[in-house]
1. With respect to THR123, determine if the residue is modelled with pLDDT of 95 or more, β-branched (Val, Ile, Thr) and surrounded by fewer than 24 Cβ atoms within 10 Å (Cβ to Cβ).
2. Counting only residues that are in a strand (DSSP E or B) and charged (D, E, K, R), which one in the range 1-53 is surrounded by the most Cβ atoms within 10 Å (Cβ to Cβ)?
3. At least 3 residues that are in the same structural domain as ALA258 (by TED's automatic domain parsing) and surrounded by 24 or more Cβ atoms within 10 Å (Cβ to Cβ) in each: list the helices (runs of 4 or more DSSP H) lying fully within the range 143-244 that qualify.
4. Against the condition assigned to a helix (DSSP H, G or I), β-branched (Val, Ile, Thr) and over 17 Å from the mean Cα position of the chain (by Cα), how does VAL398 come out, does it pass?
5. Can you tell me how many residues within the range 267-293 are touching a residue at least 60 places away in the same chain (Cβ under 8 Å) and either touching a helix residue (DSSP H, G or I) at 6+ places or on another chain (Cβ under 7 Å) or surrounded by 14 or more Cβ atoms within 10 Å (Cβ to Cβ) (or both)?
6. Quickly run through the range 315-330 and pick out the residues that are of a type in the set (S, T, N, Q) and either part of a helix (DSSP H, G or I) or without any contact (Cβ under 8 Å) to a residue 12 or more places away in the chain (or both).
7. Could you grab me the full set of residues in the range 170-198 that are among the hydroxyl-bearing types (Ser, Thr, Tyr) and out of contact with any Asp or Glu (no Cβ under 7 Å at 6 or more places or on another chain)?
8. Only one of (1) surrounded by 24 or more Cβ atoms within 10 Å (Cβ to Cβ); (2) over 21 Å from GLU28 (Cα atoms) is not met by PRO71, so which one is it?
Amino acid sequence: MHEAANRQFQRAADLIDLNPDYRKILSEPENEVVINFPVRLDSGEMRMFKGYRIQHNNLLGPFKGGLRFHPDVDLDEVKALAAWMTFKCSLVGLPYGGAKGGVTINPREYSDGELQRLVRRFTHQLGDTIGPEIDIPAPDVGTNAKMMDWIMDTYANVSGPGGRQQLKGVVTGKSVEVGGSLGREAATGQGVLYALRHWCGETGQRLSELRVSIQGFGNVGSHFARLAALEGCRVVAVADHTATLHDDEGLDIPALFAYARENRMIKGFDGADEIDTEKLFDIAVDAFIPAALENQVTEERAERMSCRVIVEAANGPTTSAGEDVLLGKGVDIIPDVLANAGGVVVSYFEWLQNQSGRAWRVDDVDTRLREIIWDANDKVVAMKEELNCSHRDAAYAVSLSRLADVYDRRGIFP
């Protein structure tokens with residue numbers, strides 16, 4: 001995955017003739033932290049876990065990126081995700097660098113008490129690696145606001161009594177009650193919808209007339225589905241790790257959203273037909289939204305797909321070979337670094353609120369989110385026309401141009 005991430009940015013670097021020194025710096029993370037740490041389980045057993053925090057680049061500001069709890073978390077994956085965060089933050093104009101972290105674990109197999117002990121121990125061992133002006137984690141796959149609350153509380157309690165209120169900004173994606181931002185939970189899905197709406201404007205489509213399918217119905221996919229349905233989109237297929245549901249007339253998204261919230265899965269929902277997972281890629285739609293894990297849109301699946309646009313709500317969902325097939329078929333791909341940037345944008349808003357001690361209204365959050373996402377899409381479209389390239393290459397070209405400009409101005413120490 002890290003090699004794939006590097007290939008993506010190197011392609012755009014060729015298009016803008018990026019300084020070779022900057023290429024070298026951006027090809028590897030600045031810091032790689034690997035931690036093996038013990039946690040006592042409810043049974044009394046002591047178990048060792050492996051955690052990571054990769055800090056890719058902090059040229060533009062503090063490192064920023066999520067924490068992922070998943071059985072497949074490894075060093076290569078986290079390095080790729082950290083690099084994508086650097087380019088994402090640069091693309092949308094945030095004063096952040098890129099980072100990512102994770103623990104190799106299936107959180108569904110552990111109790112709340114075990115997870116709390118694990119999160120607190122991991123946070124303690126990260127120590128000064130993180131901080132409101134150093135590195136700011138956030139939720140990702142397998143983590144949530146409750147876990148971010150635990151991180152903030154642990155960090156505040158081991159940092160001494162001075163300035164504890166200012167330490168709330170050590171992590172974003174917290175619950176609103178302990179310093180989180182209104183609008184943060186739906187932010188990534190909201191940003192995906194803004195990206196899709198922008199594509200409609202580029203191509204003369206009506207958002208309300210689109211047929212949509214979604215792979216992944218976690219936080220991002222479910223909120224996107226809810227918001228898209230409110231705009232009139234017909235969501236005809238949805239998949240998660242338990243089932244794939246299809247209704248050609250359109251799923252009852254409010255009912256499915258409520259069912260998934262209550263049951264933490266979509267399997268068993270009786271308002272649609274359950275189909276084989278692979279058939280999701282055979283359903284003809286206008287927009288396909290991959291909102292699950294990496295490397296889902298493979299070459300073989302891409303050959304079978306019939307859609308006009310893919311909006312990458314997940315990180316790295318399309319393989320290089322899959323992308324070549326889709327572009328050859330004339331399918332537009334709105335890349336992850338642009339499409340799913342809504343989460344980190346509202347994380348930035350949360351950080352600003354924590355730093356200032358003020359809380360924003362949800363309308364203010366949504367308005368500012370739309371402005372930033374819209375502006376980034378405008379820049380990508382302009383770069384795409386200038387370079388005669390794909391959306392992905394244009395997005396990286398915009399991102400790299402900003403990074404190069406800052407390197408030119410600051411120089412490289414010593």
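The values are calculated or read from the model by the stated rules, or taken from the named source; none is laboratory data. Owing to the predicted nature of the structure, the values given are computational and were not obtained by experimental measurement. Here the Cβ positions follow ideal geometry from the backbone for every residue, glycine too, while neighbour counts run over all protein chains shown.
1. No.
2. ARG53
3. Because the criterion is at least 3 residues that are in the same structural domain as ALA258 (by TED's automatic domain parsing) and surrounded by 24 or more Cβ atoms within 10 Å (Cβ to Cβ), the helices (runs of 4 or more DSSP H) in the range 143-244 that meet it are 187-203, 219-230.
4. So VAL398 passes the test.
5. Going through the range 267-293 one residue at a time, the tally reaches 11.
6. Answer for the range 315-330, where residues must be of a type in the set (S, T, N, Q) and either part of a helix (DSSP H, G or I) or without any contact (Cβ under 8 Å) to a residue 12 or more places away in the chain (or both): just SER320.
7. THR188, TYR194
8. PRO71 satisfies all of (1) surrounded by 24 or more Cβ atoms within 10 Å (Cβ to Cβ); (2) over 21 Å from GLU28 (Cα atoms) except (1).
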